[in-house]
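Asks: What follows is a single structure, and I will ask about it in a moment.
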Amino acid sequence: MLPPTFKPPNRPKFPRVGLQLLSPEALEDEAIYRGRLLEGLSFEDQPLESVSFEGCVFREVNLSRVQWHRIRLADVRFEQCILAGGQWNELSLERVEFVDCRLLGLQMPEARLRHVALTRAQAQLSLWFKADTKNFWAEECDFGEATFMDAELSSAVFRGCRLSQTDFMGAKLVGADLRGSELSRTRLGLREVAGAIVEAEQLVDLAYLLDVKVMVL
């Protein structure tokens with residue numbers, strides 16, 4: 001059972017009447033899209049600015065290297081999408097899910113993340129610099145060499161994730177749940193790890209913080 005402070009993120013809400021298909025040529029700057037399904041489309045390298053997606057599903061969509069600025073996502077789900085190499089600036093996410101998505105090298109500095117869940121995401125080398133999170137939940141994700149420097153991650157959950165060489169320097173991890181995650185060569189200090197929740201087996205990977213050797217008999 002999870003500790004009382006850990007509450008799974010609220011899931012996206014979608015229109016009861018269903019979703020309407022959206023064609024790629026319909027995307028325009030400074031627009032609001034509600035209750036739309038984007039499936040099997042490609043927006044590779046396409047810029048987009050000042051747009052809101054509400055109650056939408058992206059399914060098997062290619063968003064490689066997109067340049068998104070001032071984007072708001074509310075009640076949105078990404079399923080098997082490719083977001084590799086994208087640059088998302090001034091981003092706001094609320095009740096958003098990423099399931100089986102590729103986020104390799106995705107950059108979303110200073111993003112505001114509320115009730116965001118990632119499941120089996122490939123997010124190596126992604127950048128979450130100064131991300132402001134609340135109810136952030138990652139499960140079975142690969143954040144190898146990702147950057148969470150100076151991020152607000154209090155009570156965030158990284159369950160069964162790969163955090164090898166992940167950079168948490170300057171991040172707030174008080175109450176964060178790191179149990180079951182790989183912490184090999186994870187970049188953090190005593191300040192960052194203080195208050196985080198780990199398992200006894202993970203102390204071997206964290207022993208260097210205290211300059212001690214852990215002998216396993």
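The values are calculated or read from the model by the stated rules, or taken from the named source; none is laboratory data. For clarity, every value in this text was computed on a predicted model and none was experimentally measured. Cβ placement follows ideal geometry from the backbone for every residue including glycine, while neighbour counts extend to all protein chains displayed. Side chains are part of the model used for accessible areas, which takes the heavy atoms of the whole protein and leaves out ligands, DNA and RNA. Shrake-Rupley method; radii C 1.70, N 1.55, O 1.52, S 1.80 Å.
Asks: Just to verify a number: what accessible area does Lys13 come out at with the full protein assembly present, 1.4 Å probe, Å² rounded to tens?
Replies: Per-residue accessible area (Lys13): approximately 140 Å².
Asks: Translational D (Stokes-Einstein, µm²/s) of the range 7-52 at 25 °C and 0.890 mPa s when Rh comes from the Kirkwood sum over C-alpha pairs?
Replies: 194
Asks: A further question on this structure: Over its Cα atoms, what ratio of radius of gyration to 2.2 N^0.38 Å does the chain give?
Replies: Relative to the 2.2 N^0.38 Å estimate, the chain comes out at 1.06.
Asks: Considering only DSSP beta bridges with both partners in the chain, what is the antiparallel share in %, to the nearest 5?
Replies: 0
Asks: Further, regarding this structure: In debye, nearest 20: dipole of the range 12-116 around its Cα centre with unit charges on the Cβ of K, R (+) and D, E (-)?
Replies: In total the dipole reaches around 440 debye.
Asks: For the ranges 115-121, 47-53, what's the packing order if you count other beta-carbon atoms within 10 Å of each residue, average per peptide, and put the highest first?
Replies: Ranking the peptides 115-121, 47-53 by packing returns 115-121, 47-53.
Asks: What percentages, rounded to whole numbers, describe P(r) for the range 93-210 computed over all alpha carbon pairs with 10 Å bin width beginning at zero?
Replies: Bin by bin from 0 Å, the calculated values are 16, 55, 27, 3.
Asks: Can you tell me the length gained on complete extension of the stretch Arg185 to Gln20, counting 0.36 nm per residue apart and subtracting the Cα distance?
Replies: 54.8 nm
Asks: For the chain, give the magnitude of the charge dipole about the Cα centre (Cβ charges: +1 Lys/Arg, -1 Asp/Glu; no others), in debye to the nearest 20.
Replies: Using only the charged Cβ atoms, the result is roughly 620 debye.
Asks: Now, a different point. How large, in percent, is the carbon and sulfur part of the accessible surface of the range 62-201 at a probe radius of 1.4 Å?
Replies: For the range 62-201, the apolar C and S fraction of the accessible surface comes to 45 percent.
Asks: Another question, if that's okay. Residues of the chain: accessible area per residue at 1.4 Å, in Å²?
Replies: Using a 1.4 Å probe on heavy atoms only, each residue of the chain averages 50 Å².
Asks: Using just the helices of the chain, give the 222 nm mean residue ellipticity in deg cm²/dmol: DSSP H runs with n ≥ 4 each add -39,500 (n - 2.57), and the total is spread over all residues, rounded to 500.
Replies: Value at 222 nm, helices only, nearest 500: -500 deg cm²/dmol.
Asks: Mean separation of Cα pairs under 8 Å and 6+ residues apart, divided by the residue count of the chain: what relative contact order is that in percent?
Replies: 11
Asks: Have a look at Leu104, Pro8, Trp88 and report the one farthest towards the positive end of the charge dipole of the range 1-135, computed about the Cα centre with Cβ charges (Lys/Arg +1, Asp/Glu -1).
Replies: Pro8
Asks: For the residue pair Asp132 and Ser42, what label-to-label distance in nm results when each label sits 7 Å from Cα along the Cα-to-beta-carbon direction?
Replies: The modelled label-to-label distance comes out at 3.7 nm.
Asks: What would the Debye equation give as log₁₀ I(q)/I(0) for the range 1-109 at q = 0.19 Å⁻¹, counting only Cα atoms as equal point scatterers?
Replies: Each listed q corresponds, in turn, to -0.97.
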